[in-house]
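Here the structure is laid out as structure tokens; the discussion comes afterwards.
Only the coordinates and a few stated rules stand behind these numbers; no lab work does. On a predicted model such as this, the values are computed, not experimentally measured, just so you know. Cβ coordinates were reconstructed from backbone atoms using ideal geometry, including for glycine residues, and neighbour counts include every protein chain displayed.
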Amino acid sequence: MSSGQVTQSEARPGAEGSVSARAGEARRGLLFDLATLDLSKDRFDREAIGRRNPHRGDMALLDAVLWTSDDFKRGVGVWRVKGTEFWVPGHFPGKPMLPGVLQVEAGAQMSVFLYNSRFVRPKLAAFTHIEECSFRGQVQPGDHLLILADEIKCSEKRFHSRIQGVVGNRVTFEATITGIALGEAQMDA
């Protein structure tokens, strides 16, 4: 589907229901309390994300940003995982599982979105560190992977954030990342 939405018939069992209803069920241990946030609609769609993030094509992983704090230090994005994505046939045949490295990349993209929301001209940011990373659950086509980002420290040249993925009531990954600005991003592609 061009909208990036997963239809009810495509959704994996247990992935049904609104994002806000499922977020309210998430267990303790989240970076912040999702039950207090309105996650029922897209605040920033793919086009709006593309004005802040330089990622394009198959590597533009976020379908939407659902919520940000007013100061852009915290945010929640969503990746509506589809069965047509480039990694599905090979990871793994017959039982597709979203690679953990792509989950971390989605968290980095959420962090870059928050970081770039503070600047008139978006910056190209790259990883310098991934620390305390663990994978705690599978993500499969039909899942809506919520991506949480919580800034630890930020300057004009770098950011340090905690990131986390959540599907339904399960934390799927968590990590602490550091990114550094490599100059202005080329946004015209």
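Worth pointing out:
- Span per principal axis, largest first, for the Cα atoms of segment 30-189 (Å): 44, 36, 31
- Computed Rg/Rh of segment 114-189, alpha carbon atoms with Kirkwood Rh: 1.04
- Neighbour cut-off at most 15 other Cβ (10 Å), DSSP loop, trypsin sites (Lys or Arg not before Pro), segment 26-113: Arg27, Arg28, Lys41, Arg43, Arg51, Arg56
- FRET efficiency, 1/(1 + (r/R0)^6) with R0 45 Å, evaluated for Gln138 and Asp71 via beta carbons: 0.85
- Gain upon complete extension [Asp38, Glu85; 0.36 nm per residue less C-alpha separation]: 14.1 nm
- Förster radius 45 Å - calculated FRET efficiency between Thr176 and Val120 (Cβ-Cβ, nearest 0.05): 0.95
- Paramagnetic reach from Ile130 (point 7 Å along Cα→Cβ, amide N under 12 Å) across segment 75-107: 99-107
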